[in-house]
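Notes follow the structure.
Since every read-out is calculated from the coordinates, none of them should be taken as a lab result. Since this is a predicted model, take the numbers as computed values, not measurements. Positions of Cβ are backbone-derived with ideal geometry, glycine not excepted, and every protein chain shown enters the neighbour counts.
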Amino acid sequence: MTTVRYLYVLFLAIWLGSMVFFSFVLAPTAFALLPSRDLAGSLVNLSLAKLHNLSYLIALLLMACGAWASKDQSNPIRHFIATNVIVIVMLLVTIGSAQIVSKRIADVRMLLGPIDTVAVTHPLRLEFNRLHEFSVWLMSSTMLLSGAQLFVVLRTLR
């Protein structure tokens, strides 16, 4: 395996691992340990913003590795697209999550105030819950895509 392929697998594994850690360790721990849901939500929101930024960087690094690996192919553009289509979809999903969904969640949180004091039937609380579910769905789909891409890449290395 070439250095570029090692780096590609490493970057992809870091991206997947960071999403798994965020989803199954950081977020649940914050809500279990911190004294208020509002404080836990703030920690999770800040961590999610950092995860989004890391995801942008990793996507660019993956595409750079893909471009490097494609340069010696008979049809480099086609090879690049074929090897990076999932990464590009993952990046677009992450951008949508960060720039649209997370921003809308932040707007709703500002209007709500401390979430513990808002009735679960309040329209803004329902909107927050809907946006949160969509955000979870977006990250879950990105995790599944990254796992699929990792499987494909590792399978082709044999």
Practice task
Relative to the longest principal axis of the C-alpha atoms of the chain, give the angle of the C-alpha long axis of helix 3-21, reported between 0 and 90° and rounded to the nearest 10°.
Solution key: 10 degrees
Handout entry: Rough spin-label spacing in nm, given labels placed 7 Å along Cα→Cβ, for D116 and T29
Key = 2.1 nm
Problem - segment 126-137 - phi-based ³J(HN,Hα) in whole Hz, Karplus 6.51/-1.76/1.60, Gly and Pro as x - result: 5, 5, 4, 4, 5, 5, 4, 4, 5, 4, 5, 4
Practice task
Read through the labelled values (i) 10, 36, 34, 18, 2; (ii) 10, 36, 28, 16, 8, 2, 0; (iii) 9, 31, 33, 19, 7, 1, 0 and report the label of the one computed as P(r) over Cα pairs in 10 Å bins from 0, in percent from the structure.
Solution key: (ii)
Problem - Max mean-square fluctuation residue, GNM over the chain, Cα-Cα springs under 10 Å, options M63, M90, M110 - result: M110
Fill in the blank from the handout: Charge dipole of segment 3-156 built from unit charges on the beta carbon (Lys, Arg +1; Asp, Glu -1), centred at mean Cα; most positive-end Cα among H122, L34, T142 is T142
Handout entry: Calculated from backbone phi, Karplus (6.51, -1.76, 1.60) coupling profile of segment 89-101 in Hz, x at Gly/Pro
Key = 4, 4, 5, 5, 5, 5, 4, x, 4, 6, 8, 10, 5
Handout entry: Check: segment 3-156 dipole with +1 on Lys, Arg Cβ and -1 on Asp, Glu Cβ, in debye
Key = 280 debye
Exercise for the section: Could you state the angle between the C-alpha long axis of helix 102-112 and the longest principal axis of the C-alpha atoms of the chain, as a value from 0 to 90 degrees rounded to the nearest 10? Expected result: 0 degrees
Exercise for the section: Round to the nearest 10 and give me the degree value, 0 to 90, for the angle of helix 37-70's Cα axis relative to the longest principal axis of the chain. Expected result: 10 degrees
Handout entry: Farthest toward positive dipole pole in the chain [+1 Lys/Arg, -1 Asp/Glu at C-beta], among I95, F24, L111
Key = I95
